[in-house]
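Coordinate-derived values only; no laboratory data. A quick note: this is a predicted structure, and the numbers were derived from the prediction, not measured. A quick note on method: Cβ atoms are made from the backbone with ideal geometry, for glycine too, and the neighbour counts reach across all protein chains shown.
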Amino acid sequence: MSAERESGTIGVLGGSGTVGRVAVNRLAEAGTGSLRVGARDVERARAAVREAGVAASRARVLGVDLRDPAQLAAFCSGCSVVVNCAGPSYQVLDTVARAALAAGADYVDAAGDTVAMRALSAEAPTELETRSAVFSAGLMPGLSGLLPRLLAEDGPLERLDTYVGGAAAIGPLSAVDALLTRGPGFGTALAAWRGGAVVPNALSPLRSVALPGFRGRVHAWPFLSAEAEELAATLGVDELRNYTVYVSERIPEALAGAWARDDVPIEEHVPSVVAAADADVAVGGPWYTLLFHARPRDRDRSGPTRLILRTPDSYALSGVVAALAARSLVEGGVPPGTHAAADVLDPRRTLDDLVADALVDEVDLG
Ligand SMILES: NC(=O)c1ccc[n+]([C@@H]2O[C@H](COP(=O)([O-])OP(=O)(O)OC[C@H]3O[C@@H](n4cnc5c(N)ncnc54)[C@H](OP(=O)(O)O)[C@@H]3O)[C@@H](O)[C@H]2O)c1
């Protein structure tokens, strides 16, 4: 173990991005080790570190292209934890995780989802016997799979409804991820979880509905994500309905239009997704809500049945979650192996941290 590793260097790859710069800021504020920030554009990364209010002496900036194995290995070398906020996540998959583990570091991924976890598990590196890799450490996936567990602490649930969405700008890189979120590895549109199984075509879109914690009327699209399916199985709920919420039909239409033309390279569909998200934000500014509603099996039991969390910035809040996952690794709170953040973060402590975070407007647990 190198001296630098003992002193705890946390590497944030993609630390100049929308998610990464907030992870850098929160890790610096928490004093969680010294920081190494990586991206291809070094000047932009330096500016991001400055804007995050982190002294240059606390964060070393390194130029790195994750597609270059030697540069990636050099970035990971000497880190105790590597936090990956670079993407597109569903193209990067387990690339950065493997480099981090090979360097003897633990790993956090702000995205990744089941597809990246499967890629890593397919030929699991031996380092996972002693080191940890935590994927899906963002808002969705991430908080969407973690926070509903608070509603099941006082007894089993008959039904759980989850609604996550709002208006958020989507950058070109994240637009590629949105376009790639398709197929059985990610989930099933219109499906619900009932009686221990996925039921296809069980639900219809809810158009122009008013939902607690959401602004105005919104459109809720049923999508049983891989994360929601996992949550349903873990909690043993009889029925789970998972909805992605949009302020207009622009984003679902842009995605559907792109998926209908999959003969065209994915990059050509990026502008329409970015424009759809920008148009949604132009209506009433950026906002995002997570709403979880539970019906306990025992209707007389005490304990909360509804949780609402509101944030102005879903991408930035994903950076907060990635930083919390890194802290948990540094504290030794995560067992070796590959995990989703929702399975290894403490929901109660995470909620307390979010309540105290400037990026959370409201938390209502009742
Ligand atoms: N779980 C969630 O809820 C959630 C929410 C939002 C986003 N995400 C995911 O988080 C990731 C980041 O999203 P974002 O919107 O923050 O993206 P972004 O603003 O475009 O930032 C991407 C960052 O990665 C760096 N980067 C890009 N390509 C790279 C490469 N080849 N090698 C090294 N660094 C590279 C960029 O810097 P350079 O261009 O200078 O290299 C930048 O620092 C995406 O995969 C997205 O899907 C997850």
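Across the range 230-237, rounded Karplus estimates of 3J(HN,Hα) from the backbone phi angles (6.51 cos²θ - 1.76 cosθ + 1.60, θ = phi - 60°) give 4, 4, 4, 5, 5, 7, x, 6 Hz, Gly and Pro being marked x. Estimated translational diffusion coefficient (Stokes-Einstein, Kirkwood radius over Cα pairs, 4 °C, 1.567 mPa s) of the range 1-101: 99 µm² per second. Of all DSSP-defined beta bridges confined to the chain, some 50% are antiparallel rather than parallel. Where does the Debye-calculated log10 I(q)/I(0) of the range 143-314 sit at q = 0.13, 0.17 Å⁻¹, using only Cα point scatterers of equal weight, no solvent? These q points yield log10 I(q)/I(0) values of -0.66, -1.07.
Here Val320, Val42 are placed in order of increasing Cβ neighbour count within 10 Å, fewest first, which gives Val42, Val320. The fraction of Cα-Cα pairs per 10 angstrom bin, counted from 0 for the range 310-366, comes to 21, 52, 24, 3 percent, rounded to whole percents. Computed from backbone phi with θ = phi - 60° and the Karplus coefficients 6.51, -1.76 and 1.60, the 3J(HN,Hα) list for the range 257-266 is x, 5, 5, 6, 10, 7, 7, 8, x, 4 Hz; x is used for glycine and proline.
A convex hull fitted around the alpha carbon atoms of the range 99-226 yields 162 Å³ per residue. The trypsin sites (Lys or Arg not before Pro) found in the range 291-323 that occupy coil by DSSP, while having at most 16 further C-beta atoms within 10 Å, are Arg297, Arg299, Arg301.
Here the simple spin-label model places points 7 Å from the Cα toward Cβ, and for Leu190 and Ser248 these points are separated by 2.5 nm. Under a 5 Å amide H cut-off, with hydrogens placed 1.01 Å from N, Asp109 pairs with Asn84, Val134, Phe135, Ser136, Ala137 among residues at least 5 apart or on other chains. Where does the longest stretch of the chain lie that holds no GluC sites (Glu not before Pro) found in a DSSP loop with 11 or fewer other Cβ atoms within 10 Å? The longest uninterrupted stretch comes out as 154-330.
Give, rounded to the nearest 20 debye, the magnitude of the charge dipole that the range 143-314 has about its Cα centre when Lys and Arg contribute +1 at Cβ and Asp and Glu contribute -1 at Cβ.
On the way: 16 positive and 21 negative charges, 134 e Å.
Taking the Cα centre of the range 143-314 as origin, the dipole is about 640 debye.
Its DSSP H runs of at least 4 residues, each contributing -39,500 (n - 2.57), put the calculated 222 nm mean residue ellipticity of the chain at -10500 deg cm²/dmol, to the nearest 500.
Pairwise Cα distances in the range 246-335 exceed 19 Å in 65 percent of cases. Among Ile10, Gly303, Ser204, whose Cα lies farthest out toward the positive end of the dipole of the chain, if unit charges sit on the beta carbon of Lys, Arg (+1) and Asp, Glu (-1)? Among Ile10, Gly303, Ser204, the one farthest towards the positive end of the dipole of the chain is Gly303.
Full extension of the segment from Val283 to Arg297, taken as 0.36 nm per residue of separation minus the current Cα-Cα distance, would add 1.0 nm.
When only Cα pairs below 8 angstrom with a gap of at least 6 residues are kept, the chain shows a relative contact order of 21 percent.
Placing +1 on each Lys and Arg Cβ and -1 on each Asp and Glu Cβ, with no other charges, gives the chain a dipole about its Cα centre of roughly 400 debye.
Across the range 323-331, rounded Karplus estimates of 3J(HN,Hα) from the backbone phi angles (6.51 cos²θ - 1.76 cosθ + 1.60, θ = phi - 60°) give 5, 5, 5, 5, 4, 4, 5, 4, 7 Hz, Gly and Pro being marked x.
When the charge dipole of the chain is built from unit charges on Cβ atoms (+1 for Lys and Arg, -1 for Asp and Glu) and taken about the Cα centre, the candidate among Cys76, His269, Ala102 whose Cα reaches farthest toward its positive end is His269.
Please report Thr9, Thr126 as a ranked list, fewest other C-beta atoms within 10 angstrom at the top and most at the bottom. Don't skip to the end; give the middle numbers.
Numbers: Thr9 20, Thr126 9.
Ranking Thr9, Thr126 by Cβ neighbours within 10 Å, fewest first, gives Thr126, Thr9.
Give me P(r) over the chain, computed from all C-alpha to C-alpha distances, binned every 20 Å, as integer percentages. It works out to 30, 60, 10, in whole percents.
Counting other Cβ atoms within 10 Å as a rough exposure proxy, the listed residues Trp259, Trp221 run Trp259, Trp221 from fewest neighbours to most.
With both bridge residues required to lie in the range 143-314, what share of the DSSP beta bridges run antiparallel, to the nearest 5%? Spell out each step's value before the answer.
On the way: 31 of 39 bridges.
Once the DSSP bridges in the range 143-314 are tallied, antiparallel ones form about 80 percent.
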